[in-house]
1. Going through segment 61-80 one residue at a time, which ones are more than 26 Å from the chain's Cα centre (by Cα) and surrounded by 13 or more Cβ atoms within 10 Å (Cβ to Cβ)?
2. Among the residues of segment 94-121, write down those that are part of a loop (DSSP other than H, G, I, E, B) and either in contact with a Phe, Trp or Tyr (Cβ under 8 Å, 6 or more places away or on another chain) or of a type in the set (Val, Ile, Thr) (or both).
3. For segment 44-55, indicate whether the set of residues that are modelled with pLDDT under 90 and open to solvent by less than 50 Å² (accessible area, probe 1.4 Å) is non-empty.
4. List, please: which pairs have Cβ atoms under 6 Å, are six or more places apart or on different chains, and start with a residue in segment 64-82 that is more than 16 Å from Leu107 (Cβ to Cβ) and end with one that is open to solvent by 30 Å² or more (accessible area, probe 1.4 Å)?
5. How many of the residues making up segment 106-123 are open to solvent by 100 Å² or more (accessible area, probe 1.4 Å) and without any contact (Cβ under 8 Å) to a residue 12 or more places away in the chain?
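The values are calculated or read from the model by the stated rules, or taken from the named source; none is laboratory data. In this text the structure is predicted, and so the values were computed from the model without any measurement. Every residue, glycine as well, gets a Cβ built from its backbone with ideal geometry; the counts of neighbours run over all protein chains shown. What goes into the accessible areas is simple: the full protein's heavy atoms, side chains included, and nothing from ligands, DNA or RNA. Shrake-Rupley method; radii C 1.70, N 1.55, O 1.52, S 1.80 Å.
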Amino acid sequence: MYRRARQSREGAAWRSIPRLQGQRENPSANSRRCGDTTAISPRAKLSTDPSSSQTPAAQPRNPLHGVTLEGIVTALVARYGWAELGRRIPVRCFTSDPSVASSLKFLRKTPWAREKVEGLYLFMLRDLKRSGANQPRST
């Protein structure tokens, strides 16, 4: 009886080799015996664990985590207004006929502008935190 050998990584052609009479048809046993490393390792099983895959890690120190771009833009507009926002970040979507929808469309396509908007939002959060800490509490 003859069987085909597995193709090596170098792309060698298939060749027929004689099969021993007592040899089993179990492919995992054959791969271990031949030194084939395509068997599933224990680490591969750990990485495909359904409880750990696609579960976003909690980011307690990231102020942008869970905040949408629309929420960022509306918060900046509420704090500064369109004119001041256009002065701080000179982009046409803030200066010429501004709207939240046009700003979102532009910011989603332009990474450098989005970084500036996120930076201004973080500055606004720090500024609010500082101004809130300096005010005396009323009792």
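1. Taking segment 61-80 and keeping what is more than 26 Å from the chain's Cα centre (by Cα), we get 77-80.
Within segment 61-80, Val77, Arg79, Tyr80 meet the criteria.
2. Within segment 94-121, Pro98, Thr110 meet the criteria.
3. yes
4. Filtered contacts from segment 64-82: His65/Gln59.
5. Restricting attention to segment 106-123, the residues satisfying the condition of being open to solvent by 100 Å² or more (accessible area, probe 1.4 Å) are 108-109, 112, 115-116.
Those left that are additionally without any contact (Cβ under 8 Å) to a residue 12 or more places away in the chain: 109, 112, 115.
The qualifying residues number 3.
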